[in-house]
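Since every read-out is calculated from the coordinates, none of them should be taken as a lab result. Every value quoted in this text rests on a predicted model; they were computed, and no experiment measured them. When we count neighbours, we look across all protein chains shown, and the Cβ atoms used for this are built from the backbone with ideal geometry, even at glycine.
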Amino acid sequence: MAYLTYRVEITRDELSASTTPNVEITAYIDRVPETDAPEFGRLSRAYKGVWNSRLQYTGDFEALSEAVKAIEAAYPAIEQIRCYEWSIDYEFPNEMAPLRKLGDKWLPGKPFFESPPPQLAWLID
């Protein structure tokens with residue numbers, strides 16, 4: 001792998017009154033993200049356009065552990081993070097098994113559906 005970036009996106013769910021946001025991490029493998037994130041190495045407020053955006057916070061990180069620490073600092077009640085891999089070989093990101101919080105550890109859970117095997121380990125150091 002010549003290039004690897006973990007992009008975190010935190011969105012609010014407009015279909016329910018839940019206060020817990022949706023959190024996703026996309027690993028860009030050997031490809032550069034198509035849109036610019038406001039910050040590298042930390043979460044920052046997403047740019048608001050003319051309409052009210054569902055995207056609340058975003059940020060790019062070098063390591064999965066850094067991304068998860070930033071998520072936990074912003075939302076300590078989060079218990080699940082959806083994970084995706086987007087490599088140069090695929091036109092769209094592939095959904096991987098979500099990370100689930102068990103005690104103080106984050107571990108990959110059961111995948112929602114069949115997808116190609118992961119290229120990354122998705123384990124927190």
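In nm, what is the difference between 0.36 nm times the number of residues separating K69 and D104 and their Cα-Cα distance? Walk me through the numbers on the way to the answer.
Values: separation 35, 0.36 × 35 = 12.60 nm, distance 1.16 nm.
Between K69 and D104, full extension yields an extra 11.4 nm.
Longest segment of the chain with no GluC sites (Glu not before Pro) in a DSSP loop having at most 12 other Cβ atoms within 10 Å? Could you put the intermediate results ahead of the total?
Working: sites that count: E14, E34, E62, E91, E114.
Excluding the exposed sites themselves, the longest stretch runs over 63-90.
Quick one: compute a quarter of the convex hull surface over the Cα atoms of the chain and quote it in nm².
One quarter of the hull surface, i.e. the mean projection, equals 8.3 nm².
Determine the dipole magnitude for the chain: charges of +1 sit on the beta-carbon of Lys and Arg, -1 on that of Asp and Glu, nothing else is charged, the reference point is the Cα centre, and the result goes in debye to the nearest 20.
The calculation lands at about 460 debye.
Given just the C-alpha atoms of segment 64-103, how large is their convex hull per residue in cubic angstrom?
Values: hull volume 3.3 nm³, N = 40.
Cα convex hull per residue, to the nearest whole number: 82 Å³.
In nm, what is the difference between 0.36 nm times the number of residues separating T20 and L55 and their Cα-Cα distance?
11.3 nm
So what are the ³J(HN,Hα) numbers for segment 90-103, from phi and the Karplus equation (6.51, -1.76, 1.60; θ = phi - 60°), rounded to whole Hz, Gly and Pro as x?
Values per residue, Gly and Pro as x: 10, 7, 10, x, 9, 7, 9, 5, x, 7, 10, 7, 10, x Hz.
Could you check the simple spin-label distance between E114 and K48, using points 7 Å along Cα→Cβ, in nm with one decimal?
Using points 7 Å along Cα→Cβ, the separation is 4.5 nm.
Taking 0.36 nm per residue of sequence separation and subtracting the Cα-Cα distance, how much length would be gained by fully extending the chain between I124 and T11, in nm to one decimal?
Contour length minus the Cα-Cα distance gives 38.4 nm.
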